[in-house]
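Enquirer: Following this message is one structure expressed as structure tokens.
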Amino acid sequence: MLDHFGSSPGLRPESAALRFVHHTVEADLAARREPGGADIERLFAAMHMLAGLSTNVLSPFVQRWHGGMEALVAEHPDVAASFGPTNDAAQLIRGIKNPPGTFADDENQLARRLVEIVRAIAPSSMAPQDLFARVELQMLSCVPGLVWLPESSDVTYLRPIFDLADEHPLTVATLNYDETVECSAAGADVGLSTGMAEWIERGRLTWAPDDRIHLLKLHGSRNWIRDDVGTNQVWSEGEWHVRAPQGANIRLQPGIVFGEGNKLRADGPFLDLFAEFNSQLADADDLLVVGYSFRDDHINASILRWVNRYPAGRRVVIVSPSVSREGGYSYLEPVLHRLRRQTPQAKVSEYFQVVTAGAAAGLPDAIEILATDPLAI
């Protein structure tokens with residue numbers, strides 16, 4: 001994403017703001033000796049907080065912006081256009097009813113003049129948080145393209161999962177935005193539905209009899225689009241770059257939950273998806289976890305509650321290439337410790353096991369474990 005901003009001439013101020021936040025977050029992590037670095041979701045979370053700092057509950061306790069943030073606007077005088085785009089000004093002009101000949105015929109020229117006037121009389125309106133808000137929207141616009149799956153991608157490694165749907169439909173929950181599971185199922189000629197089309201039409205998740213895989217995309221999908229129309233939200237499915245060639249704006253945004261922190265959203269289909277996840281989890285005896293870093297508190301809470309409710313009759317198999325600090329930091333290690341510590345049963349190995357491998361190598365072993373007797377795990 002840093003490369004995308006840096007290679008776009010029209011995003012020069014935004015690129016400078018993103019680099020500033022990236023370097024600042026990296027320096028803070030290094031000072032606190034936190035491993036892992038600043039991933040893209042942490043940068044987005046920081047950008048989101050910076051964009052809303054003036055309305056944050058802590059704003060009365062903050063006297064002034066960081067000097068580096070204020071310098072961003074000073075170093076980029078052309079950033080003013082970012083706060084008053086000529087196309088927005090042109091729309092304003094067209095909305096004013098005047099007799100013919102009152103305004104110049106060239107609306108773009110008049111719009112640019114309007115921006116110059118605003119810059120001259122209200123320089124204080126170019127606040128750093130406005131720039132960060134623009135970066136936040138641009139970052140959100142990048143996500144669908146970044147997770148786009150080329151046709152040449154090999155997704156056959158997921159096919160062993162579909163074997164679990166032989167007798168009954170299988171619920172698969174994912175936090176990813178890409179279409180890896182969908183493409184793998186299509187290649188294996190397995191019926192799959194996200195339930196989103198039905199949710200858009202009826203406001204609830206429903207499944208057809210031939211849907212062997214019920215895919216719950218708990219954090220949204222790259223091909224979901226949210227359109228804020230007044231006080232309402234209109235959701236649809238489609239290619240983001242086709243619907244929004246100019247990127248995200250205040251009204252049109254990708255239908256995803258992005259960033260760190262609380263990812264349980266009340267808008268759109270997300271509460272329904274999470275409720276369906278918990279409902280399906282409550283009826284299950286086996287849970288297969290693949291590639292999940294255990295960094296989402298609401299998901300972790302659901303898993304812990306499910307494990308502790310009937311621990312003797314439930315099995316959890318986790319496929320992860322790294323489960324310890326050997327060779328690098330793992331988010332999984334403290335969660336495994338927490339799972340074991342909060343589980344009331346002494347013999348956690350009877351229903352809890354980790355396959356130390358990536359998805360391609362570990363899935364066959366994990367499914368073989370699920371096919372065995374619980375006492376043999």
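The values are calculated or read from the model by the stated rules, or taken from the named source; none is laboratory data. Since this is a predicted model, take the numbers as computed values, not measurements. So basically every Cβ, Gly included, is an ideal-geometry build from the backbone, and we count neighbours across all protein chains shown.
Enquirer: Testing Val190 on (1) in contact with a Leu (Cβ under 7 Å, 6 or more places away or on another chain); (2) touching a residue at least 12 places away in the same chain (Cβ under 8 Å); (3) not in a strand (DSSP E or B), one condition comes back false. Which one is that?
Expert: (1)
Enquirer: Here's another thing I want to ask about it. For region 171-187, how many residues are touching a residue at least 60 places away in the same chain (Cβ under 8 Å) and in a strand (DSSP E or B)?
Expert: 2
Enquirer: On to the next question. Met196 versus (1) over 19 Å from Asn278 (Cα atoms); (2) in contact with a Pro (Cβ under 8 Å, 6 or more places away or on another chain): which is the lone unmet condition?
Expert: If we test Met196 against (1) over 19 Å from Asn278 (Cα atoms); (2) in contact with a Pro (Cβ under 8 Å, 6 or more places away or on another chain), just (1) comes out false.
Enquirer: Here's a check for you: in region 200-233, which residue that is part of a strand (DSSP E or B) and among the hydrophobic types (A, V, I, L, M, F, W, C) is farthest from Val257 (Cα to Cα)?
Expert: Here the answer is Ile213.
Enquirer: Quick one: in region 248-263, which of the residues that are of a type in the set (Gly, Ala, Ser) and touching a strand residue (DSSP E or B) at 6+ places or on another chain (Cβ under 8 Å) is surrounded by the fewest Cβ atoms within 10 Å (Cβ to Cβ)?
Expert: Ala248
Enquirer: Could you please tell me which pairs satisfy a Cβ distance under 8 Å, a separation of 6+ or placement on different chains, a first residue in region 41-54 that is within 21 Å of Tyr177 (Cβ to Cβ) and buried (at least 19 other Cβ atoms within 10 Å of the Cβ), and a second residue that is of a type in the set (Lys, Arg) and at pLDDT 90 or above?
Expert: Close Cβ pairs (under 8 Å, with a partner that is of a type in the set (Lys, Arg) and at pLDDT 90 or above) do not exist here.
Enquirer: Any chance you could count how many residues in region 235-291 are more than 29 Å from Phe132 (Cβ to Cβ), in a loop (DSSP other than H, G, I, E, B) and in contact (Cβ under 8 Å) with a residue 40 or more places away in the chain?
Expert: 2
Enquirer: Next up: Residues in region 218-234 that are in contact (Cβ under 8 Å) with a residue 40 or more places away in the chain and polar (S, T, N, Q): how many?
Expert: The qualifying residues number 2.
Enquirer: Considering only residues that are buried (at least 17 other Cβ atoms within 10 Å of the Cβ) and of a type in the set (A, V, I, L, M), which ones fall in region 156-189?
Expert: Leu158, Ile161, Leu164, Ala165, Leu170, Val172, Ala173, Leu175, Val181, Ala185, Ala188
Enquirer: For Ala361, indicate whether it is surrounded by fewer than 16 Cβ atoms within 10 Å (Cβ to Cβ), at pLDDT 85 or above, outside any loop (DSSP other than H, G, I, E, B) and hydrophobic (A, V, I, L, M, F, W, C).
Expert: So Ala361 fits the description; yes.
Enquirer: Right, something else. Have a look at Glu14, Glu26, Glu41 and point out the one that is part of a helix (DSSP H, G or I), in contact with a Leu (Cβ under 9 Å, 6 or more places away or on another chain) and modelled with pLDDT of 80 or more.
Expert: Matching residue, one of Glu14, Glu26, Glu41: Glu14.
Enquirer: Take the residues in region 1-30 that are of a type in the set (D, E, K, R) and more than 17 Å from Phe132 (Cα to Cα), then tell me which one is surrounded by the fewest Cβ atoms within 10 Å (Cβ to Cβ).
Expert: In this case the residue turns out to be Asp3.
Enquirer: Out of (1) in contact with a helix residue (DSSP H, G or I) (Cβ under 9 Å, 6 or more places away or on another chain); (2) among the small types (Gly, Ala, Ser); (3) buried (at least 19 other Cβ atoms within 10 Å of the Cβ), the odd one out for Ser193 is which?
Expert: Every listed condition holds for Ser193 apart from (1).
Enquirer: Can you say whether Leu140 is touching a strand residue (DSSP E or B) at 6+ places or on another chain (Cβ under 9 Å), in a helix (DSSP H, G or I), within 30 Å of His66 (Cα to Cα) and modelled with pLDDT under 95, as far as the supplied structure shows?
Expert: Criteria met by Leu140.
Enquirer: So which of Ala133, Ala111 ends up being surrounded by 18 or more Cβ atoms within 10 Å (Cβ to Cβ), in a helix (DSSP H, G or I) and at pLDDT below 85?
Expert: After applying the criteria, what remains is Ala111.
Enquirer: Can you pull out every residue in region 278-304 that is more than 19 Å from Ala165 (Cα to Cα) and among the small types (Gly, Ala, Ser)?
Expert: Gly291, Ser293, Ala301, Ser302
Enquirer: Would you mind telling me which numbered condition in (1) of a type in the set (A, V, I, L, M, F, W, C); (2) out of contact with any Phe, Trp or Tyr (no Cβ under 7 Å at 6 or more places or on another chain); (3) buried (at least 18 other Cβ atoms within 10 Å of the Cβ) Ala266 fails?
Expert: Answer for Ala266: the failing condition is (3).
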